[in-house]
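One structure is given below, encoded as structure tokens.
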Amino acid sequence: MIDKKLKNRHNELELKIQEATEDLYATTLNLKQANEELTALNTAKTEFFSDISHELRTPLTSIKGAADILIRKSSCSDPVYLDIIKNNTDHLIRIILDFLDYSRIEADKLELDYTHESLTDIIREVIDARKAEAMERQLIIEFNPSRDFEVRVDRYRIYQVISNLMANAIKFSHDKGRISVSIESSGNEFMVYVADEGIGIEPEYHQVIFKKFQQAPRANGKQDFQKGSSGIGLAICRGIVKAHGGIIRVESRKDKGSTFVFTLPRP
Ligand code: ADP
């Protein structure tokens, strides 16, 4: 009698296990399908993003070209309007180029053109290009490398990373502040530091800001989107550094300043 009861119980349990396994299998299939659909949607979105950016770039470049010629030749009594056209087209082109870069990174299609380069030369070039901007804010930029550091990188892309970090350091510094750039080597990698004494970032935003369209709030609780910042620069930096086999992160304290550091493998 007990035997029979046990056997029935056993059969019941086996049936339940079988049903649960089938359910699990069906759920897994559904999840797989949903995942495939999401991946396809994401690819379509990235392509759309990239197509739109391409479409916008061509007419904007023509407008910019025409505005440049007008500024050079103009006898216009109020050239301010031409400057407005030029500055805004420059800004739009920069945003579109950023979108294109980000689309490439997201689609894993960032192509790198590796050459042997001097990291110190690249940094000096970025500092030179940003000098006027820094002087306007009376900022001091320090860069005193102890030696040359040779790397194998895509020069254009690494310039872009350092330039972006410098632009942020300038943007988020207080007037008359100090920005210091330095290189260190450790084991198989070089580390590039861009440090400022600016507004700093709350810990909960240290990871978030490397995602696309994410910004940390300013002290007044506002973000910079309305000022034309897109919040995509650090996402591009992360993509470029990752494609080179490195990592990027930030150490920062609110109101004390931020240090962005990225690594590059030694050649
Ligand atoms: P954007 O500067 O266009 O907003 P980024 O991706 O370069 O986009 O930066 C994202 C956000 O990270 C900024 O909006 C800002 O909140 C924060 N951030 C970046 N660099 C610094 C810095 N040096 N000091 C303080 N905050 C920074």
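Looking at the range 41-48, is at least one residue at pLDDT 85 or above and closer than 17 Å to ASP108 by Cβ?
Checked the range 41-48: at least one residue is at pLDDT 85 or above and closer than 17 Å to ASP108 by Cβ.
I need the full set of residues from the range 158-176 which are open to solvent by less than 10 Å² (accessible area, probe 1.4 Å) and either more than 9 Å from the ligand (Cβ to nearest atom) or charged (D, E, K, R) (or both), in order please.
Matches in the range 158-176: ILE158, VAL161, ILE162, MET166.
Going through the range 87-120 one residue at a time, which ones are in contact (Cβ under 8 Å) with a residue 40 or more places away in the chain, farther than 19 Å from LYS211 by Cα and among the acidic types (Asp, Glu)?
The answer is ASP113, GLU117.
Across the range 191-236, what is the total count of residues that are of a type in the set (Gly, Ala, Ser), more than 6 Å from the ligand (Cβ to nearest atom) and at pLDDT below 90?
Qualifying residue count for the region: 3.
Within the range 111-119, identify whether any single residue is at pLDDT 85 or above and assigned to a helix (DSSP H, G or I), and answer yes or no.
Scanning the range 111-119, I find at least one residue that is at pLDDT 85 or above and assigned to a helix (DSSP H, G or I), so the answer is yes.
Looking at (1) away from the ligand (no atom under 16 Å from the Cβ); (2) hydrophobic (A, V, I, L, M, F, W, C); (3) in contact (Cβ under 8 Å) with a residue 60 or more places away in the chain, which one does ALA129 not meet, given that it meets all the others?
ALA129 satisfies every listed condition except (3).
Could you check, for the range 240-251, whether at least one of its residues is more than 24 Å from HIS174 (Cβ to Cβ), open to solvent by 10 Å² or more (accessible area, probe 1.4 Å) and either modelled with pLDDT under 95 or part of a helix (DSSP H, G or I) (or both)?
yes
Mind counting the residues in the range 107-139 that are open to solvent by 30 Å² or more (accessible area, probe 1.4 Å) and under 14 Å from SER182 (Cβ atoms)?
Residues that pass the stated criteria total 1.
The values are calculated or read from the model by the stated rules, or taken from the named source; none is laboratory data. Please read all numbers here as calculations on a predicted model, not as lab measurements. Cβ: placed from backbone, ideal geometry, glycine included. Neighbour counts: every protein chain shown. We work out accessible area using only protein heavy atoms, side chains counted, and drop any ligands, DNA or RNA first. Shrake-Rupley method; radii C 1.70, N 1.55, O 1.52, S 1.80 Å.
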